[in-house]
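Remarks on the structure that follows.
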Amino acid sequence: MLELDFHPAGHHFLQIPGPSPVPDRVLRAMSLPTIDHRGPEFGALGLKVLKGIQQVFRTRHPVVIYPASGTGAWEAALANTMSPGDHVLMYETGHFASLWQKMATRLGLSTEFLAWQGKDDVLPQAPSWRRGVQADLIEARLARDTEHRVKAVCVVHNETSTGVTSDIAAVRRAIDAARHPALLMVDTISGLASADFRHDEWGIDVSISGAQKGLMLPPGMSFNALSPRALEASQSAKLPRAFWAWDEIVAMNATGYWPYTPNTNLLYGLSEALDMLEAEGLDNVFARHKRWSAGVRAGVEAWGLPVQCADPAVHSPILTGVILPEGIDADAVRRLIHERFDLSLGTGLGKLRGRMFRIGHLGWSNDLTLLATMAGCEMGLKLAGVPLAGSGVLASMDHFARHAPRAGAEVRAEADLKKAA
Ligand code: PLP
């Protein structure tokens, strides 16, 4: 039994795909004294974060902030826009898409779960869990729905259980090509603020996200970004809702307040995280995650282990799924790595329990924390007797050394060396 107050020396390596490591700046901001949530300072904080979060979703429309985990924001999206028995078209990219479908069914909706039906030699039990949303399947299904029974199309942007980031613009084009009025709802719980995301430009009606991934906050806060069509749909939708109801929240948010007690200190943290993201620039943030992902993938490939995502066009910049040889319990390997090296990796979820582990490369990380992560994995894999083709650590080191984080940085460093010689 682990004792709760036992902490090994040094920083814990939290390399699961969320919650992600929280920057010290954010932790310090959250340690400010809790203020009156009806007082004047709070209104200023509320207005600031509500405006800032719009920039991250790339929207001009309201974003609702809930004191709840991402699961709450999933429910809010459906409860505000749908009526009992409404038919929703969902797409099976992995475990989180499956949980959302289960929730929709529990809420009394009629769900249809599309999936890629091709053959996959590595994971024959879950071929669609290695690929992104196939927009053509959605287009074909909607084109057949001449009576417009489908009220919403629900997809996961970054499927955290597999390490696949789907092309949401393609899903929008598919809905438009079928000339279908269904609402588009997108779970970007682990995609937002790490991978390119454009709520308005991609014509999304409800985007759902959470605090504990790209926003680099502890868990406990989630979001619904809305479109005018979603707000309109909420006026006639009949599923019961009270806590999740957008109308009262959006009305009070106009002055920076909430109809209930919001999580003040997490909002301090959000304010700080938004400042950090703005200072770096979202495009630089996305490029940083892509580079990390390529470095980690180079390492996994050098080990000779299959990367979960089978389609290089949709590799996630946020996490990499690593499939272990048949007969090896991936969870036992993960436990060994945690015990020996104080490194937490994501477990295989649902259909993939015990078959794979996930390396998170998001949040407050850098090249060296990722190299340490690769070293922890490599040592653990060897201790567990997993045959490796070569050193992943060396391959990741090589990748990070050869690809400077900022364009021109390697040229400047070389010039400085020449000057010094
Ligand atoms: N959707 C995705 C893609 C997720 O990654 C998660 C959590 O990891 C969820 C939904 C559920 O969010 P939460 O665990 O915050 O309730």
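The values are calculated or read from the model by the stated rules, or taken from the named source; none is laboratory data. Note that this is a predicted model, so its numbers are computed, not measured. So basically every Cβ, Gly included, is an ideal-geometry build from the backbone, and we count neighbours across all protein chains shown. The accessibility values were calculated without ligands, DNA or RNA, using every heavy atom of the protein model including side chains. Shrake-Rupley method; radii C 1.70, N 1.55, O 1.52, S 1.80 Å.
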>> Condition first: out of contact with any Lys or Arg (no Cβ under 8 Å at 6 or more places or on another chain) and crowded, with 24+ Cβ neighbours inside 10 Å. Now tell me which residues in the range 192-211 satisfy that.
In response: V206, S207, I208, S209, G210, A211
> Restricting attention to the range 116-127, which residues are in a loop (DSSP other than H, G, I, E, B) and either within 21 Å of L239 (Cβ to Cβ) or open to solvent by 20 Å² or more (accessible area, probe 1.4 Å) (or both)?
Replying inline: W116, Q117, G118, K119, D121, V122, P124, Q125
> Among the listed residues S207, S227, S234, S271, which satisfies the condition of being more than 21 Å from the chain's Cα centre (by Cα) and in the same structural domain as G163 (by TED's automatic domain parsing)?
Replying inline: S234
> Does the range 128-136 contain any residue that is within 20 Å of I208 (Cα to Cα) and either surrounded by 24 or more Cβ atoms within 10 Å (Cβ to Cβ) or within 15 Å of the ligand (Cβ to nearest atom) (or both)?
Replying inline: yes
>> Let me confirm something: among A174, A170, which residue is open to solvent by less than 10 Å² (accessible area, probe 1.4 Å) and more than 16 Å from the ligand (Cβ to nearest atom)?
In response: A174
> Which residue, of L50, L32, L89, is at negative phi, open to solvent by less than 10 Å² (accessible area, probe 1.4 Å) and modelled with pLDDT of 95 or more?
Replying inline: L89
> Just a yes or no: is a residue in the range 214-227 more than 27 Å from G39 (Cβ to Cβ) and within 13 Å of the ligand (Cβ to nearest atom)?
Replying inline: yes
> Of all residues in the range 66-87 being farther than 14 Å from G108 by Cβ and touching a helix residue (DSSP H, G or I) at 6+ places or on another chain (Cβ under 7 Å), which is nearest to the ligand (Cβ to nearest atom)?
Replying inline: W74
> Out of L336, L305, which single residue is modelled with pLDDT of 95 or more, open to solvent by 40 Å² or more (accessible area, probe 1.4 Å), aliphatic (A, V, I, L, M) and over 30 Å from P84 (Cβ atoms)?
Replying inline: L336
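Residues checked against (1) open to solvent by 10 Å² or more (accessible area, probe 1.4 Å); (2) aliphatic (A, V, I, L, M); (3) out of contact with any Lys or Arg (no Cβ under 7 Å at 6 or more places or on another chain); (4) at pLDDT 95 or above:
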| residue | (1), (2), (3), (4) |
| --- | --- |
| R241 | yes, no, yes, yes |
| W246 | no, no, yes, yes |
| L266 | yes, yes, yes, yes |
| A273 | no, yes, yes, yes |
| L277 | no, yes, yes, yes |
| A310 | yes, yes, no, yes |
> Residue check: is D5 more than 22 Å from the chain's Cα centre (by Cα), assigned to a loop (DSSP other than H, G, I, E, B) and modelled with pLDDT of 95 or more?
Replying inline: no
>> I need a count of the residues in the range 88-102 that are of a type outside the set (F, W, Y) and more than 10 Å from the ligand (Cβ to nearest atom).
In response: 7
>> Here is a list: S396, S344. Which entry is of a type in the set (S, T, N, Q), within 22 Å of the chain's Cα centre (by Cα) and buried (at least 16 other Cβ atoms within 10 Å of the Cβ)?
In response: S344
> When you look at F197, is it in a loop (DSSP other than H, G, I, E, B), of a type outside the set (S, T, N, Q) and within 16 Å of the ligand (Cβ to nearest atom), yes or no?
Replying inline: yes
> In this structure, does G18 turn out to be more than 27 Å from P228 (Cβ to Cβ), open to solvent by less than 40 Å² (accessible area, probe 1.4 Å) and either within 16 Å of the ligand (Cβ to nearest atom) or among the aliphatic types (A, V, I, L, M) (or both)?
Replying inline: yes
>> Quick check on the range 177-194: of everything there that is hydrophobic (A, V, I, L, M, F, W, C) and farther than 28 Å from N263 by Cα, which residue is nearest to the ligand (Cβ to nearest atom)?
In response: L184
> What number of residues within the range 148-166 satisfy the criterion of being of a type in the set (D, E, K, R) and within 16 Å of the ligand (Cβ to nearest atom)?
Replying inline: 1
